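Heads up: the structure comes next, in structure tokens.
The values are calculated or read from the model by the stated rules, or taken from the named source; none is laboratory data. Fair warning: this is a prediction, and the values are worked out from it, not measured in the lab. Don't worry about glycine lacking a Cβ; one is built from the backbone with ideal geometry, like all the others, and counts go over all protein chains shown. SASA here: full protein model, heavy atoms, side chains in, ligands and nucleic acids out. Shrake-Rupley method; radii C 1.70, N 1.55, O 1.52, S 1.80 Å.
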Amino acid sequence: MNMYDIIEKKRDGGILSDEEIQFFVNGYTDGSIPDYQAAAFLMAAYIRGLDKDEIYSLTKAMKFSGDVVDLSSIKGIKVDKHSTGGVGDKTTMVVGPLTAACGVPVAKMSGRGLGFTGGTVDKLESIRGFKTSLEPYEFIKQVNETGIAVVGQTAHVAPADKKIYALRDVTATVGNLGLITSSIMSKKLAAGSDAIVLDVKCGNGAFMETLEDARALGELMCHIGKGDGVPTAAVITDMSQPLGRAVGNSLEVIEAMETLKGRGPEDIQELSLTLSGIMLYMGGKAADPAVGYEMARNAMLSGAGIEKFMEFVKAQGGDPDIADDYSLLPKAAHSVEIKAEKDGFVAKIEARRIGLASQHSGAGRATKEDSIDLAAGIYLEKKVGDAVKCGETLAAVYANDETKLSNAAAEAAKWKVAALPAWFCPRRADPQAECYVGLLQQFPVHVWLVVVP
């Protein structure tokens, strides 16, 4: 077996065997297969596509390329939650505490932000003293004692994916369903949880811009999870505008805490309760997702969710007093407001543009090596469908660097305010999206939901 023949076979539309895919993953990981051959293989796979068996083989090979985390010593059914990436997505900081407060353990590895999407680890590091790296025994001990721990992804989990993704990123081979699926699921399956809930973002601020593509990705990831014996649910959620109002690290921590106190924006609150409800169902604490939703809602309204968040923060070295005093979080030295130039209604806020503006402010990274400004970001005073008067504030931009502030404001100012009638509601403007709202199918090993917040 050699790499030349494998590339040729896939280039010509052939179906690769489990052994051939394993050969590629092992060889590229250990360095015996050079970048130029790996790049050729990825382009062939991107153009010709991968069938379900090939995707499962690739996922399995990358999963076992490094450590597979053993969480068996954690009591209960461990449920993981993963988002495919979104602007203003701070759901882990809400869903994790709510789910843990209701009795389902959350042992989670999260990533850092890159490009226009944020990372949970960066957000948590805006809390003074918070440790995003724990020894395995500390991680397990904390979950057993508090019900939740969130740490950064270790380089020892699915190292093949890390190396392959870096090559995909520079060879225009990122946006392929099979390659996306194997990348996400190899890490999730290696992380050791007993069940997985996937939040598949859909819209201009997501990898999957159409509902059709997002649904295909969700179904494929559920298929791979099922094939590996791990119950997996997929939820498709709107990313045509930012989630919530805060985009940035410390800004999103504040909004997460506000949501846990029952005072968060409607979209982030509803999505968090929906995801928590599914996690409680899959963790065996709720008879169905609807019952789980109500359990999570009660935890939010009773204060159990914010109490669990404070306990979680303290356990990982952070200052739990932030829940009562937001001034303890990083605060930007400079800010500027973006004003409406006419009366009307907010017709469109492109999530991708706001994400890029946040990146320009210093809140995000252009490359993995970039440092970030934990206080920088954007706060949206208006969302799609809101009425505005000329001169009203649409958003505020924050930064510690005035040049970055100016660049971010210029990007964020490209809003679309139109003279729309008062009855206009963008959440009901797409009849195709409307018909997909709600529970579509319930399988023995996973639930399929489509949610448009």
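Within the stretch 209-237, residues that are under 17 Å from H82 (Cβ atoms) and of a type in the set (S, T, N, Q) reach partners that are part of a strand (DSSP E or B) and open to solvent by less than 40 Å² (accessible area, probe 1.4 Å) with beta carbons closer than 8 Å, at six or more positions or on different chains, in the pairs T232/A195; T232/I196; T232/V197; T232/L198; T237/D199; T237/V200; T237/K201; T237/C202. Restrict the check to the stretch 346-356 and report whether at least one residue is surrounded by fewer than 21 Cβ atoms within 10 Å (Cβ to Cβ) and part of a strand (DSSP E or B). Yes; the residues of the stretch 346-356 include at least one that is surrounded by fewer than 21 Cβ atoms within 10 Å (Cβ to Cβ) and part of a strand (DSSP E or B). One residue stands out among those in the stretch 201-237 that are open to solvent by 30 Å² or more (accessible area, probe 1.4 Å) and touching an Asp or Glu at 6+ places or on another chain (Cβ under 8 Å): the one that is farthest from K78 (Cα to Cα), which is N204. Candidates are the residues of the stretch 168-183 that are open to solvent by 20 Å² or more (accessible area, probe 1.4 Å) and either part of a helix (DSSP H, G or I) or under 26 Å from F309 (Cα atoms) (or both); the one that is modelled with the highest pLDDT is L177.
Can we say A160 is farther than 21 Å from T84 by Cβ, surrounded by 21 or more Cβ atoms within 10 Å (Cβ to Cβ) and modelled with pLDDT of 90 or more? The answer is no for A160. Of the residues D80, D53, D67, the single one that is open to solvent by less than 10 Å² (accessible area, probe 1.4 Å) and of a type in the set (D, E, K, R) is D80.
Does D53 satisfy being under 18 Å from the mean Cα position of the chain (by Cα) and either closer than 30 Å to N2 by Cα or acidic (D, E) (or both)? For D53, the condition - under 18 Å from the mean Cα position of the chain (by Cα) and either closer than 30 Å to N2 by Cα or acidic (D, E) (or both) - is not met.
Checked against (1) touching a His at 6+ places or on another chain (Cβ under 9 Å); (2) in a helix (DSSP H, G or I), D67 passes all but a single condition, namely (2).
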